[in-house]
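Heads up, the thing below is written out as C-alpha cells.
What follows draws every value from the coordinates through simple rules; no lab data is involved. From a predicted model like this one, the values you see are computed outputs, not experimental measurements. Quick reminder, even Gly has a Cβ in these numbers, built from the backbone with ideal geometry, and neighbours come from all protein chains shown.
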Amino acid sequence: VEGMVPTHQDYYAKVFDTPTYPLYWVAVDKKPVANEHYFNSHRVGFLDDPHSQTMFLQPHDWLQKHGIKLLPENSRFYSDIASLEEAFLSREIDVMSMSDTMIDLLGIKKAYRLLINDAVE
C-alpha cells in the first residue's frame, strides 16, 4: 500500500531553485542598531507596496520580530523604487532596506549595513 497514496511532496515538489540574496538595513552615516531608539531617531524609507519582499515585507517582518514599533513620523513611503532611492541619496531618509546589488548600482561607496535576512528568495 505504501506509495499508492500521494503525499504533499507529490503536489508541492520544487520546480526549480531560486537564487537568494542577503538584505540589509543600510545607512550612510553610521551602522544601524537593532533597537527602537535607533529606528525612532531616524527617518526610515519603504516602498508603498505591501507585496514587495525587499522594500516592504522583509523590513516590516524584521521590525516586528525585534519588537520595534516605528513612530508614524519616522516612516516614509514612496510609490516607486526610483523615488525611494532618490530620497535615500538626497538624505530625505536615513535608512532603507537594500541588497548588495542595489548598493553597488546606486554607487554608494560607504554603506553601513545591519542584516535583515541572509537568504531572501
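Taking amide H atoms as placed 1.01 Å from N in the peptide plane, the amide H of residue 108 has no partner under 5 Å among residues 5 or more positions away or on other chains. The simple Förster model, with R0 at 30 Å and r as the Cβ-Cβ distance, assigns residue 111 and residue 77 a FRET efficiency of 0.85. Rounded is the label for the stretch 18-120, because a/c, from the alpha-carbon gyration tensor with a ≥ b ≥ c as root eigenvalues, stays below 1.5. What pairs in 31/65; 69/109; 69/110 have C-alpha atoms more than 22 Å from each other? Flagged as over cut-off: 69/109; 69/110.
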